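The structure appears below as structure tokens.
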Amino acid sequence: MSDPHVEEPSPEVERPEGSAALPGARKTYSKLPTGPVSVEPVMTGPDADTGGISTEWEPSAGEPYAEDKTRLAPWALFAAIVALCTSMFVGWGIPVAIIAVIAAIMSIRRPVENRAVAIWALVLGIAATVFSAGWLIWAVTQFERLV
């Protein structure tokens with residue numbers, strides 16, 4: 001078998017004298033695989049003449065600003081009250097209690113919600129969860145006695 005002949009790299013891929021080698025690269029192939037990339041943005045389309053600044057998102061002067069009027073905290077409080085009333089008699093109100101707790105946490109995190117209502121919903125939802133869990137634990141212990 002003959003030894004393969006390896007040619008020397010061309011001058012464009014050789015490392016210039018006195019320059020640092022790239023980490024992890026061979027000594028003879030030290031040039032970056034890509035060329036320089038321009039950092040200036042390329043502007044094409046309808047916004048090219050305005051410099052990329054678009055004013056389409058602004059409401060017009062005669063159009064009123066649409067405020068977010070949806071509220072989650074009252075619904076969370078309503079679900080927590082229903083779950084608490086249900087959990088006083090049976091343990092099957094736990095899904096509603098968990099939904100009330102999740103909705104209360106979501107409404108606490110929203111800046112447009114009434115925090116007092118959301119905190120009440122969270123406290124009542126946790127209480128309903130505890131009462132429902134207590135009923136379910138009691139029911140499991142009673143079921144073991146029947147069997």
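Examine segment 106-120 for a residue that is under 29 Å from T141 (Cα atoms), of a type in the set (A, V, I, L, M, F, W, C) and modelled with pLDDT of 95 or more, and state whether such a residue exists. Write out each step before concluding.
We begin by selecting, within segment 106-120, every residue under 29 Å from T141 (Cα atoms); these are none.
No; the residues of segment 106-120 include none that is under 29 Å from T141 (Cα atoms), of a type in the set (A, V, I, L, M, F, W, C) and modelled with pLDDT of 95 or more.
If you check A104 against the conditions, is it under 14 Å from R71 (Cα atoms), surrounded by 14 or more Cβ atoms within 10 Å (Cβ to Cβ) and touching a Gly at 6+ places or on another chain (Cβ under 7 Å)? Walk me through how you get there before you give the answer.
Values: under 14 Å from R71 (Cα atoms): yes; surrounded by 14 or more Cβ atoms within 10 Å (Cβ to Cβ): yes; touching a Gly at 6+ places or on another chain (Cβ under 7 Å): yes.
For A104, the condition - under 14 Å from R71 (Cα atoms), surrounded by 14 or more Cβ atoms within 10 Å (Cβ to Cβ) and touching a Gly at 6+ places or on another chain (Cβ under 7 Å) - is met.
The values are calculated or read from the model by the stated rules, or taken from the named source; none is laboratory data. Since the model is a prediction, treat every value here as computed from it, not as a measurement. All Cβ positions, even for glycine, are placed from backbone atoms using ideal geometry, and neighbour counts span all protein chains on display.
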